[in-house]
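Contents: one structure, followed by commentary.
We did not get these values from a lab; they are worked out from the coordinates using the rules stated. Predicted model only: the values in this text are computed from it and were never measured. Heads up, the Cβs are rebuilt from the backbone with ideal geometry, glycines too, and the neighbour counts pull from every protein chain shown.
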Amino acid sequence: MVISIGHLGPVGTNAETAALAYAHWLEENQAKASLLCPYPSIAQTLHSVARGDTNKAVVPVENSTEGSVAITLDTLWQLDRLKIQQEVVLPIIHAFFSRGTSLNGIKTVYSHPQALAQCQRWLQQNLPNVALIPTNSTTEALQKISLEPTAGAIAAPRAAKLYHVPILVNHINDYPDNCTRFWVMTLNPTPTVGSRISLAFSVPANIPGSLMKPLQVFAQRNINLSRIESRPTKRSLGEYVFYLDVEGNHEDPNINDALNDLTSHTEVIKIYGSYPVLFLKETDLEQL
Ligand SMILES: O=C(O)C(=O)C[C@]1(C(=O)O)C=C[C@@H](O)C=C1
């Protein structure tokens, strides 16, 4: 069976690179063939796997410079039954593309909001007066500049070969170790022994101790949390959903005990599963 993997498109996005890396891993480790399916937005990518149109979806979750990808967390909270099969950590390199020959004449820069934010210092120093225009993805930005010599786009260097647009400046991300975590989501995960569990919950009431009690469940059992953050529930101001990454897996009775206990201190809880993490280096990307 060929595994269909949805990702943010069009081809050449960072999400596609993460999906390609996962497809490569599936082929090497499980002898499984995959078919990549681009979608116009992260939300549509997740809905496609929730409907069963694709077997898996690869979506960005957190960037080392800019933090969480809100649309991914919010959509996962709305959708039921999606589980994390695997995490892929990808080095993210941004390049500046233009049909113009120098930075001098540039008036407009297009890119995905995350990419614009990850290059904000470079933009401030080199193109302080341009209009920054957000697009649905980095490669959608590349498509926009084809007829505009005074426009530029920020995208991954890999896209230069795919779109035949010249790179004017490479490595413009503000932090050289810029990387993004991507999750491979599915309705039917293959059981694996992971190294991390991710979950989200809302609390029964906005009263003293309502967040401390769920956190104590882990502290009391000496279980380490590697991330905690909140997003609004969108029901009313001041109500939040909390997202946690827990170090460990379901084979550990201490973790299972903590997760069982957690349900008595939360209102709605979604456990996205326990999963292994695949770290990629810049040199790994050259083979994709
Ligand atoms: O537009 C792309 O190339 C994407 O894959 C999206 C995205 C994101 O949403 O975070 C992925 C990784 C980078 O952090 C920048 C942009």
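General observations
- Computed [θ] at 222 nm, helices only, for the chain once each DSSP H run of length n ≥ 4 contributes -39500 (n - 2.57): -8000 deg cm²/dmol
- Counting neighbouring Cβ atoms within 10 Å and putting the fewest first, the residues V277, V59 line up as V277, V59.
- Here F201, F279, F96 are placed in order of increasing Cβ neighbour count within 10 Å, fewest first, which gives F279, F201, F96.
- Segment I133-T233, length gained on full extension (0.36 nm per residue, minus Cα span): 33.2 nm
- Three-way shape call for the stretch 25-79 based on the alpha-carbon gyration tensor, with the a/c threshold at 1.5: oblate
- Percent of beta bridges antiparallel (DSSP, the chain, rounded to nearest 5): 70
- Amide proton proximity set for Y39, modelled H, under 5 Å, gap of 5+: H7, L8, G9
- Inter-centroid distance (Cα atoms) of the stretch 237-270 relative to the stretch 1-67, Å: 26
- Diffusion of the chain by Stokes-Einstein, at 37 °C in a medium of 0.692 mPa s and with Rh set to the Kirkwood radius over alpha-carbon pairs, works out to 163 µm²/s.
- Exposure proxy for T190, T75, T13: other Cβ atoms within 10 Å of each Cβ, ordered fewest to most, give T190, T75, T13.
- Taking a point 7 Å from the Cα of V169 along the Cα-to-Cβ direction, the residues of the stretch 73-95 with backbone N closer than 20 Å to it are 92-95.
- Phi angles of the stretch 114-120 translate, via the Karplus equation with coefficients 6.51, -1.76, 1.60 and θ = phi - 60°, into HN-Hα couplings of 5, 5, 4, 5, 6, 10, 5 Hz per residue; Gly and Pro are given as x.
- Summing Lys and Arg as +1 and Asp and Glu as -1 over all other residues whose Cβ lies under 15 Å from the Cβ of T54 gives a net charge of +3.
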